[in-house]
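Here is the structure we will look at, set down as structure tokens.
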Amino acid sequence: MKLPKISFSIIATLTLAAAVIDALNGCSSSQPDDSQIAAAQAATAITRTTNHSTTIYLVTTGSATGSGPRSAASPPPSDSLQALVDDAYAKFKDDQSGTNADYIPYLASVPSELFGIAVVTVDGKIFTAGDTGYTFSLQSCSKVFTLAEIIEESGEEEVLKKIGVEPTGMAFNSITALGLHDNQAINPLVNAGAIASVSMVKAGSADERWNKILAFESSFAGEPLKLIDEVYRSESDTNFRNQGIAFILYNGQHLFCNPLEACDAYTKQCSIGVTARQLAIMGATLANGGVNPITQQRCLTARHVPRVLAVMMMAGFYDESGQWAYTAGIPAKTGVGGGIVAVVPGRMAIVAFSPRLNAAGNSIRATEAINHIVRQLDLNLFGSVQ
Ligand code: GLN
């Protein structure tokens, strides 16, 4: 007899449960009896609905194997997590491919050899390897937290309406992408959208705007963050393209404060200094539903967190976002300073920092290291890929 079924995923740690699920999935010729279903329900949740002559089984999983509900799984033991972070560091340390960003002169001078990995779990455990005490500029990783700020302040509808959430498939500083979208910013994680985001922060003056952004980003780190003055000056001296983007937005009425003020606040937020360790705490705050796992301060209302992570998933890796989703399957955001912050909801943040970038502007070793950890822990949110 064929059983129509809806199966989200299957666990098979218990032989009995496996047998029942096989039967439910039509792999077995006989229908499970009530005692088999009851036993399997100890490990899974099975709902049986009978409608006329059709029986529908809805099978949802427990967390026994890690292929269950991904946000509910407990973190791996500390020893093995530290060993994995060490392993990722050793594995990619000698990869010298790529080059530092140089369109912002300061970034070309950052030592290319630097490489650090930091993992922070939602219960506040920290695992590090390599150069996790070096302070680098947040660059585009800052866009995530300002997105969180404007969702918190103005609500998700306003952000959707005034900026948008679609991936562009184009470079992070694309003007063509703007032109194709009626000169609206498209999403908060490309330059145009991030400049529009800072312009949405409610402020009566340029100072108030910047101070609010800095305080909000700092709350995620759990300590006061500071501007790296040299980065800010280097970027301010050369950010003509971003100024152009700000004026295009303003001209189309898609910018909500003075364009030079918006561009300056944006340049400042990109110049905020963080260590890999601090950035991992910022990411872990998102993983932890908006509560900083170290300070226990709520930084973002819980129901806003999935909105932020969704935009990261769709647009966090610039024009390689699809490839990242396909490969790793977790939300992440990269910056041309060499940092990448990846978030595993309910579990941890994984951060890596290495200044050498590929053509899309994504850090090569940081991508490799995070991917390695994701694969080893089987963290892909869409299901097991092992
Ligand atoms: N400040 C950089 C810029 O505006 C940020 C870009 C990035 O990290 N992709 O170009």
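The values are calculated or read from the model by the stated rules, or taken from the named source; none is laboratory data. Every value quoted in this text rests on a predicted model; they were computed, and no experiment measured them. In this analysis, Cβ positions are derived from the backbone assuming ideal geometry, glycine residues included, and neighbour counts consider all displayed protein chains.
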Out of (1) over 27 Å from Thr267 (Cα atoms); (2) surrounded by fewer than 24 Cβ atoms within 10 Å (Cβ to Cβ), the one Val344 does not meet is (2)
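Of these, Gly116, Gly169, which one is more than 22 Å from Trp210 (Cα to Cα) and either modelled with pLDDT under 95 or not assigned by TED's automatic domain parsing to the domain that holds Arg209 (or both)?
Gly169
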Would you check which residues across the range 214-244 are part of a loop (DSSP other than H, G, I, E, B) and more than 13 Å from the ligand (Cβ to nearest atom) and list them? Gly222, Glu223, Pro224, Leu225
Which residue pairs have Cβ atoms closer than 7 Å, lie 6 or more positions apart in sequence or on different chains, and pair a first residue in the range 295-306 that is in contact (Cβ under 8 Å) with a residue 24 or more places away in the chain with a second residue that is part of a helix (DSSP H, G or I) and not hydrophobic (A, V, I, L, M, F, W, C)? Gln297/Ser219; Cys299/Ser219; Cys299/Thr285; Leu300/Glu152; Thr301/Glu152; His304/Glu152; His304/Glu156
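Condition check ((1) within 16 Å of the ligand (Cβ to nearest atom); (2) under 23 Å from Trp210 (Cα atoms)) across all residues:
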position	(1), (2)
Ser271	yes, yes
Ala280	no, yes
Leu300	no, yes
Ala315	yes, no
Ala328	no, no
Met348	no, no
Ala360	yes, no
Phe382	no, no
Which residue is surrounded by the fewest Cβ atoms within 10 Å (Cβ to Cβ), if the candidates are limited to the range 330-340 and must be aliphatic (A, V, I, L, M) and within 12 Å of the ligand (Cβ to nearest atom)? Val336
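Can you tell me which residues in the range 282-296 are among the small types (Gly, Ala, Ser) and out of contact with any strand residue (DSSP E or B) (no Cβ under 8 Å at 6 or more places or on another chain)?
If the condition is that a residue be among the small types (Gly, Ala, Ser) and out of contact with any strand residue (DSSP E or B) (no Cβ under 8 Å at 6 or more places or on another chain), then Gly289 is the only one that fits.
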Determine if the range 256-267 includes at least one residue that is within 16 Å of the ligand (Cβ to nearest atom), crowded, with 21+ Cβ neighbours inside 10 Å, of a type in the set (Phe, Trp, Tyr) and assigned by TED's automatic domain parsing to the domain that holds Asp182. yes
Checking Asn183 against (1) touching a His at 6+ places or on another chain (Cβ under 8 Å); (2) within 16 Å of the ligand (Cβ to nearest atom), which single condition isn't satisfied? (2)
Could you go through the range 140-159 and let me know if any residue there is assigned to a loop (DSSP other than H, G, I, E, B), buried (at least 24 other Cβ atoms within 10 Å of the Cβ), touching a residue at least 24 places away in the same chain (Cβ under 8 Å) and more than 16 Å from the ligand (Cβ to nearest atom). no
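Looking at this structure, is Thr176 out of contact with any Pro (no Cβ under 6 Å at 6 or more places or on another chain), surrounded by fewer than 16 Cβ atoms within 10 Å (Cβ to Cβ) and modelled with pLDDT under 95? Don't jump to the end; show me each part of the working.
Values: out of contact with any Pro (no Cβ under 6 Å at 6 or more places or on another chain): yes; surrounded by fewer than 16 Cβ atoms within 10 Å (Cβ to Cβ): yes; modelled with pLDDT under 95: yes.
In short, yes.
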Scanning the range 273-327 residue by residue, those closer than 14 Å to Val144 by Cα and of a type in the set (Asp, Glu) turn out to be none
